[in-house]
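The values are calculated or read from the model by the stated rules, or taken from the named source; none is laboratory data. Just so we're clear, the structure is a prediction, and the values are computed from it rather than from any experiment. Cβ sites come from the backbone with ideal geometry, for glycine too, and all protein chains shown count toward neighbours. All accessible areas refer to the heavy atoms of the entire protein, side chains included, with ligands and DNA or RNA removed. Shrake-Rupley method; radii C 1.70, N 1.55, O 1.52, S 1.80 Å.
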Amino acid sequence: MSMNFLMQYGRLNLNSKNRLSAKVFVKDKLYEKKFSKILELCIYSHSQMLKNETQLNDKDEETLRSMLKTYMQNNRGNFKLGNYHIDSESAEIDECTYKTLGYCDLKITIPDNNEWSNEPERYFIIECKRLDGSVNKNKLYISQGIHRFITEKYSKNMNIGGMIAFVENNKGAIKDINEIVEDINKKLIEDFRHLADEKLFPYTVIENFVNSYQSKHDIRYKNRTIKLTHLFFDNRNVI
């Protein structure tokens with residue numbers, strides 16, 4: 001066995017015993033910049049869906065998510081994300097019990113260029129929901145969306161994540177996206193007892209996309225917060 005191999009092997013053992021803590025990892029601005037690129041890719045991919053697909057309004061969540069994933073996969077190189085892997089319905093596993101915590105809608109894995117690395121896999125998660133302004137769907141956006149990040153079911157080792165809302169027609173009164181966001185914020189505070197500074201606030205990902213928001217949430221019993229970026233994709237005008 002060569003000395004080079006032993007030295008390399010020694011470094012591997014050192015890495016496995018001295019893994020980067022999540023606290024150090026999430027402060028790295030490089031990951032925030034890359035996540036911004038992923039959000040831009042999401043927005044671009046949805047714009048291509050609007051151009052090339054028909055009748056998005058009546059599609060179910062799985063179809064919309066899979067469609068978006070395909071467009072992201074086919075265009076990721078244009079955003080310098082060619083070596084990022086995009087997966088859907090990926091299982092989130094509890095590291096202690098090895099039980100499945102849930103299945104995330106979109107998982108974007110950060111490439112590791114070190115083939116000797118034993119570091120934990122790092123990835124971004126984006127959860128998708130359908131919204132039409134109705135009370136029940138707005139509540140589900142919180143309870144089965146935002147709360148999955150707050151309870152560390154998703155993004156346990158990351159301080160950033162994302163949510164996508166596919167906005168569709170409602171048989172009742174048609175609400176604009178601002179009204180939907182206002183109702184989600186109202187329910188977040190009044191029904192789910194969150195602090196006022198945890199509401200969704202307008203946030204610019206790119207200048208020509210106005211339906212983007214950001215929220216920050218404390219992780220209970222942990223000394224950290226998670227920042228979520230929300231993209232609202234309007235499918236109502238596609239016929």
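All but one of (1) outside any helix (DSSP H, G or I); (2) in contact with a helix residue (DSSP H, G or I) (Cβ under 9 Å, 6 or more places away or on another chain) hold for Lys171; state the number of the condition that does not hold.
(2)
In the range 55-68, is there at least one residue being modelled with pLDDT under 85 and aliphatic (A, V, I, L, M)?
Checked against the condition, which is being modelled with pLDDT under 85 and aliphatic (A, V, I, L, M), the range 55-68 yields no hits at all.
Which ones in the range 185-215 are touching a residue at least 24 places away in the same chain (Cβ under 8 Å) and either of a type in the set (Gly, Ala, Ser) or out of contact with any His (no Cβ under 9 Å at 6 or more places or on another chain) (or both)? Outline the logic, then answer.
In the first step, residues of the range 185-215 are kept if they are touching a residue at least 24 places away in the same chain (Cβ under 8 Å); the result is 187-188, 191-192, 200, 203, 205-206, 209, 211-213, 215.
Of everything in the range 185-215, those that are touching a residue at least 24 places away in the same chain (Cβ under 8 Å) and either of a type in the set (Gly, Ala, Ser) or out of contact with any His (no Cβ under 9 Å at 6 or more places or on another chain) (or both) turn out to be Lys187, Asp191, Val205, Ile206, Phe209, Ser212, Ser215.
Do we find that His194 is in a loop (DSSP other than H, G, I, E, B) and either open to solvent by less than 80 Å² (accessible area, probe 1.4 Å) or touching a Pro at 6+ places or on another chain (Cβ under 7 Å) (or both) in this structure?
On the way: in a loop (DSSP other than H, G, I, E, B): yes; either open to solvent by less than 80 Å² (accessible area, probe 1.4 Å) or touching a Pro at 6+ places or on another chain (Cβ under 7 Å) (or both): yes.
Spelling it out, His194 is indeed in a loop (DSSP other than H, G, I, E, B) and either open to solvent by less than 80 Å² (accessible area, probe 1.4 Å) or touching a Pro at 6+ places or on another chain (Cβ under 7 Å) (or both).
Residues in the range 212-233: is at least one more than 19 Å from Asn157 (Cα to Cα) and assigned to a loop (DSSP other than H, G, I, E, B)?
no
With the structure loaded, tell me whether Val167 is among the hydrophobic types (A, V, I, L, M, F, W, C), open to solvent by 40 Å² or more (accessible area, probe 1.4 Å) and within 23 Å of Arg65 (Cα to Cα) or whether it fails that test. Break it down stepwise before answering.
Details: among the hydrophobic types (A, V, I, L, M, F, W, C): yes; open to solvent by 40 Å² or more (accessible area, probe 1.4 Å): no; within 23 Å of Arg65 (Cα to Cα): yes.
Answer is no for this residue.
Find the residue count for the range 207-227, including only residues that are in contact with a helix residue (DSSP H, G or I) (Cβ under 6 Å, 6 or more places away or on another chain) and hydrophobic (A, V, I, L, M, F, W, C).
2
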